[in-house]
Amino acid sequence: MEWQIVIALIVAIPVILFPAAFVWYLNLGGIYTAIKEARAKKAAREKEAKENAMIK
């Protein structure tokens, strides 16, 4: 392989992969946030149900 092709690959690969990795990172962050919020809501519902059971 000629050195020009090697240089082109070294430059092109990060340019192509960075946007894909960034979108993947955003998707994982959104999934993590959704799971975290769902757990918090579930914990709040369970706490409320426990308090209502103690009152009755």
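For the chain, the ratio of Cα radius of gyration to the globular rule of thumb 2.2 N^0.38 Å stands at 2.40. Taking only protein heavy atoms and a 1.4 Å probe, the accessible area of the chain is 71% carbon and sulfur. Among the GluC sites (Glu not before Pro) within the chain, those in coil by DSSP and having at most 13 neighbouring Cβ atoms inside 10 Å are Glu2. Once all protein chains are placed together, Ile13 keeps about 90 Å² accessible to a 1.4 angstrom probe.
Counting only DSSP H runs of at least 4 residues, each contributing -39500 (n - 2.57), and dividing by the residue count of the chain, the helix-based mean residue ellipticity at 222 nm comes to -35500 deg cm²/dmol. Subtracting the Cα-Cα distance of Glu2 and Met54 from 0.36 nm times their residue separation leaves 11.0 nm of extension gain. Select from Ile13, Gly30, Met1 the residue farthest towards the positive end of the dipole of the chain; place +1 on Cβ of Lys and Arg, -1 on Cβ of Asp and Glu, and compute about the Cα centre. After comparing all options, I get Gly30. The phi-based Karplus calculation (6.51 cos²θ - 1.76 cosθ + 1.60; θ = phi - 60°) puts the 3J(HN,Hα) values of region 28-43 at 5, x, x, 5, 4, 5, 4, 5, 4, 5, 5, 5, 5, 5, 5, 5 Hz, whole numbers, x for Gly and Pro. Listed by chain and number, the lysines whose alpha-carbon sits under 20 Å from that of Lys50, ignoring those within fewer than 8 places in the same chain, are Lys41, Lys42.
The values are calculated or read from the model by the stated rules, or taken from the named source; none is laboratory data. Being a predicted model, the structure only gives us computed values, none of them experimental. Every residue, glycine as well, gets a Cβ built from its backbone with ideal geometry; the counts of neighbours run over all protein chains shown. These area figures cover heavy atoms from the full protein model, side chains too; ligands, DNA and RNA do not enter into them. Shrake-Rupley method; radii C 1.70, N 1.55, O 1.52, S 1.80 Å.
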